[in-house]
1. Out of curiosity, is Ala411 among the hydrophobic types (A, V, I, L, M, F, W, C), touching a Ser or Thr at 6+ places or on another chain (Cβ under 9 Å) and over 22 Å from His137 (Cβ atoms)?
2. Check every one of the strands (runs of 3 or more DSSP E) wholly within the stretch 78-169 and list those with 3 or more residues that are assigned by TED's automatic domain parsing to the domain that holds Phe388 and within 30 Å of Thr463 (Cα to Cα).
3. Which residue is nearest to Ser76 (Cα to Cα), if the candidates are limited to the stretch 130-145 and must be of a type in the set (A, V, I, L, M) and in contact with a Pro (Cβ under 7 Å, 6 or more places away or on another chain)?
4. Does Ser214 satisfy the criteria of being polar (S, T, N, Q), assigned by TED's automatic domain parsing to the domain that holds Gly327 and at pLDDT below 95?
5. Tell me, please, whether a residue that is modelled with pLDDT under 75, of a type in the set (Val, Ile, Thr) and under 33 Å from the mean Cα position of the chain (by Cα) can be found in the stretch 240-257.
6. Quick one: is Leu473 hydrophobic (A, V, I, L, M, F, W, C), crowded, with 22+ Cβ neighbours inside 10 Å and in a loop (DSSP other than H, G, I, E, B)?
7. Can you pull out the residues in the stretch 418-452 that are within 30 Å of Ser65 (Cβ to Cβ), free of Cβ contacts under 8 Å to residues at least 40 places away in the same chain and not small (Gly, Ala, Ser)?
8. Could you say which residue among Ser150, Ser200 is modelled with pLDDT under 95 and small (Gly, Ala, Ser)?
Amino acid sequence: MNYKEEQDKIALREITRRTLLRETGYGVGGLALASMLGGNAFGAQQKRTDPMAVKPPHFAPKAKSVIYLFMAGAPSQFELFDLKPTLTKFDGQECPDDLLNGERFAFIRGKPKLLGSPYKFRQAGKSGQWVSELMPHFDGIADDVAVIRSMVTDQFNHAPAQLFMNTGFQLPGRPSLGSWLTYGLGSEREDLPGFVVLLSGENNPDGGKACYGSGFLPTSYQGVEFRSEGDPVLFLQDPKGMDRGTRREMLDAVRDLNRLKFQQVLDPEIESRIAQYELAFRMQTSVPELADLSKETPETIELYGAEPGKRSFANNCILARRLVERGVRFVQLYHRGWDNHGTGPGDDIMTRLPKLCKEVDQAAAALVMDLKRNGLLDETLVIWGGEFGRTPMNEGRGGSPFKGRDHHPRAFTIWAAGGGIKPGISLGATDELGYNPTEDPVHVHDLHATILHQMGLDHTRLTYRYQGRDFRLTDVHGNVVKKLLA
């Protein structure tokens, strides 16, 4: 008996009834799938698929890429975009009872006092968008953006609210917006991820990496973190003594082993693993060139207020533009630190908030202007905003003398530009104290439905079956906000 015959005999001896039933089930399933697809069953089973292969949209898209500028911690709409003269008029007076009865707050206790904004507002651009003096660079893009002043969410604490804004659900485990988009459309590039995450400010968002994870989708669709300081991607470089040829041979061996395992169990996660190894190998060449901001002109560096080699929101904005130029589908920038409760000088609206605005205002405006001058704004949807808003009352936790606001899910402001969004408009309004929307409320699910729509996807058709039911980003809610569309 030769070696192969001996191994075959051992393999046959190891087959159990359970193994037989499992393998037979896979075979029957494969036959059924092939029959439905009109193909050969065994050919279909052997065929390897790239999870990031480009897929057709449901209909003609308006946008090809999304850049989401996420202000983790929730900026105060009252200090930035939602002018409330009545709130200023009654500054320091006790809050009306009808706003407090039956209401839950994260930290406010007792009867708080109204807090008018200490900052001046002006009308920017020909469109006359109201904006605070804390955002001087917004003037340059006022006529290119749509300001939504009636956003609504279901969550009033940071971690669940950030998860809700990013995944459509308040608990970890669901795919993020970027993951849904890359699942639905694939990636245009073989040497770059379809979904890239850039971090600045105070570390990760409160919701953690679940805010840009793939949840129950294959891990190929999760966000890949890039850095604007040091190595752009951790662990991307070969260790000392490892040349490209040796690395290629190692990856080929691992790929072949994974393919054998895939043929045994047909687990799609194995295909994701193969694709990720190959992507990482190609990124070793593409990423260093991408992250080299020295190739940008001095004029561009000055426009953004960037400092190449340092970790900053401005550097990340330039990287975001470079990524969408190269066909990356979804880029999300997290800038954390906007949680201004007023418990001390480090988190109040008089010292901390102006610093944060200075960190992001110039770069965010520059990003829109730069995309526009490069002919990319029409096909790139840019979103700016946080997970919820702030209360019209001063928090005053523990009798603190510093000015700050508690969490408020009922009404907040974001803005959007490009990607088929109607420019220079203001959508929605809130009451005279900024507590509730009075016109065109836009729920988080509505925003998600609109983003998917602009990318050519029907949010009701973009589903994934998991644990016996079909899931979607917008759950069972959401409507496209047609008033936002150009």
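The values are calculated or read from the model by the stated rules, or taken from the named source; none is laboratory data. Quick caveat: nothing in here was measured; it's all calculated off a predicted structure. Methodologically, a virtual Cβ is constructed for each residue, glycine included, from the backbone with ideal geometry; neighbour enumeration extends over all protein chains shown.
1. Details: among the hydrophobic types (A, V, I, L, M, F, W, C): yes; touching a Ser or Thr at 6+ places or on another chain (Cβ under 9 Å): yes; over 22 Å from His137 (Cβ atoms): yes.
Against the criterion (among the hydrophobic types (A, V, I, L, M, F, W, C), touching a Ser or Thr at 6+ places or on another chain (Cβ under 9 Å) and over 22 Å from His137 (Cβ atoms)), Ala411 qualifies.
2. Numbers: elements: 121-124, 129-132, 145-152.
In the stretch 78-169, the matching strands (runs of 3 or more DSSP E) lie at 145-152.
3. For the stretch 130-145, the residue satisfying everything is Leu134.
4. Details: polar (S, T, N, Q): yes; assigned by TED's automatic domain parsing to the domain that holds Gly327: yes; at pLDDT below 95: no.
It is false that Ser214 is polar (S, T, N, Q), assigned by TED's automatic domain parsing to the domain that holds Gly327 and at pLDDT below 95.
5. yes
6. Values: hydrophobic (A, V, I, L, M, F, W, C): yes; crowded, with 22+ Cβ neighbours inside 10 Å: yes; in a loop (DSSP other than H, G, I, E, B): yes.
Considered against the rule, which asks whether it is hydrophobic (A, V, I, L, M, F, W, C), crowded, with 22+ Cβ neighbours inside 10 Å and in a loop (DSSP other than H, G, I, E, B), Leu473 comes out as yes.
7. Filtering the stretch 418-452 down to residues within 30 Å of Ser65 (Cβ to Cβ) leaves 418-428, 437, 440-452.
Narrowing further to those that are free of Cβ contacts under 8 Å to residues at least 40 places away in the same chain: 446, 449-450.
Asp446, Thr450 - these are the residues of the stretch 418-452 that are within 30 Å of Ser65 (Cβ to Cβ), free of Cβ contacts under 8 Å to residues at least 40 places away in the same chain and not small (Gly, Ala, Ser).
8. Values: Ser150 fails: modelled with pLDDT under 95.
Exactly one of Ser150, Ser200 is modelled with pLDDT under 95 and small (Gly, Ala, Ser), namely Ser200.
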